[in-house]
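Since the structure comes first, as structure tokens, the remarks are kept for the end.
The values are calculated or read from the model by the stated rules, or taken from the named source; none is laboratory data. The structure presented is a predicted model; accordingly, all values stated were derived computationally and were not measured. For neighbour counting, all protein chains shown are included, and Cβ atoms are generated from backbone atoms with ideal geometry for every residue, glycine included. Just so you know, the surface numbers come from the protein's heavy atoms only, side chains and all, with ligands and any DNA or RNA stripped out. Shrake-Rupley method; radii C 1.70, N 1.55, O 1.52, S 1.80 Å.
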Amino acid sequence: MPQHSTAYTIGFAAAVCGVCSLFVAGSAVALKPRQLDNKAIDRQLKVLAVAGLMEGGEDLSKEQVRERYDQYIQPVVVDLKTGAPASDVDAKSFDQQEAMANPASSAKAPENPAKVQRIPNKGVLFKIVKDGKLDGVIFPVQGKGLWSTMYGYLALEADGNTVKGITFYEHGETPGLGGEIENPLWQSLWPGRQIYDREGVPKLQVVKGQAGSVADDPYAIDGLSGATLTSRGVTGLVQFWLGENGYGPYVERLRAEKGEI
Ligand SMILES: Cc1cc2nc3c(=O)[nH]c(=O)nc-3n(C[C@H](O)[C@H](O)[C@H](O)COP(=O)(O)O)c2cc1C
């Protein structure tokens, strides 16, 4: 075939595309396990951070993250309706997103402020155990912001009411506006705030403007400026997941047992 013919050019371009696509597809497949591993480590890092198990600015290797996580964090799967532990499930491999998507292991959610569509029958949580004693509990939370579903962790002290911390590991809010949910300064406003009112109903909310001190204004967190809708979404996800359709029944048991479960 003459080198300057149209057929030759098209054939040559097709061959280059074929080789490149094989290379790209091969790399994607080969790197997938590493990507999943990195994602898992990143989640463990977020869990350690929200549990207060990392010093500010501490730089841990993957091995150190795994070690510290295994030392202090115990994943547990609970029946969300009763709050009782579900012993028939391996908590380490439980996939909550899959459980939420599967009609056999979830139910349609009533209208809710987090705009969660389906509630899983069972939910995972993470106990923080120090010197054989419960030091706190971490709950996965998710809910709609302005642009995206925001995924994070909310940690409570063992009293089942006082916030230990909050962190987000995935969202698509605007950097500098709703994306400020990732800002450590904003997250530092959370510890010490209270979740439940006297009737046991989640009351904590992100307010518009500034909240008072922890002592004077225990149920409020400063709003994110220019991001009222994201702020509202954060209120929604906290109130939903710690309410009666989320981990509320578990937290009620925790409070009744005075942090012994
Ligand atoms: C490009 C762009 C990005 C925005 N991103 C966000 C966001 O991430 N979260 C949010 O709540 N509002 C965001 N907003 C603002 C909202 O549209 C809305 O005006 C805002 O939530 C109102 O909040 P405010 O009363 O604090 O101004 C964005 C607006 C623009 C133009």
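Structural remarks
- Filter pass, Ile181 being open to solvent by less than 50 Å² (accessible area, probe 1.4 Å), touching a strand residue (DSSP E or B) at 6+ places or on another chain (Cβ under 9 Å) and either without any contact (Cβ under 8 Å) to a residue 24 or more places away in the chain or within 16 Å of the ligand (Cβ to nearest atom) (or both): yes
- Qualifying residue in region 57-74 (condition: without any contact (Cβ under 8 Å) to a residue 24 or more places away in the chain and part of a strand (DSSP E or B)): no
- Taking region 62-92 as the range and being open to solvent by 80 Å² or more (accessible area, probe 1.4 Å) and polar (S, T, N, Q) as the test, the residues that pass are Gln64, Gln71, Gln74, Ser87.
- Test result for Tyr219, of a type in the set (Ser, Thr, Tyr) and touching a helix residue (DSSP H, G or I) at 6+ places or on another chain (Cβ under 8 Å): no
- Among (1) under 21 Å from Gln142 (Cβ atoms); (2) aliphatic (A, V, I, L, M); (3) in contact (Cβ under 8 Å) with a residue 24 or more places away in the chain; (4) not in a loop (DSSP other than H, G, I, E, B), the one test that Ala91 misses: (4)
- The set of residues in region 165-178 that are open to solvent by 40 Å² or more (accessible area, probe 1.4 Å), more than 14 Å from the ligand (Cβ to nearest atom) and in contact with an Asp or Glu (Cβ under 9 Å, 6 or more places away or on another chain) contains only Tyr169.
- Residue match in region 236-246 (condition: over 18 Å from Ala114 (Cα atoms) and surrounded by fewer than 17 Cβ atoms within 10 Å (Cβ to Cβ)): no
- Residue list for region 102-148, filter: of a type in the set (A, V, I, L, M, F, W, C), surrounded by fewer than 19 Cβ atoms within 10 Å (Cβ to Cβ) and within 16 Å of the ligand (Cβ to nearest atom): Leu146, Trp147
- Of the residues making up region 192-202, just one is open to solvent by 60 Å² or more (accessible area, probe 1.4 Å) and either in contact (Cβ under 8 Å) with a residue 40 or more places away in the chain or under 14 Å from Leu154 (Cβ atoms) (or both), namely Val201.
- Residues that are of a type in the set (Ser, Thr, Tyr) and assigned to a strand (DSSP E or B) within region 180-211 comprise just one, Tyr196.
- Residue in region 205-212 that is crowded, with 16+ Cβ neighbours inside 10 Å, within 12 Å of the ligand (Cβ to nearest atom) and under 18 Å from the mean Cα position of the chain (by Cα) present: yes
- Which numbered condition Gly223 misses (of (1) open to solvent by 50 Å² or more (accessible area, probe 1.4 Å); (2) farther than 24 Å from Ala51 by Cβ): (1)
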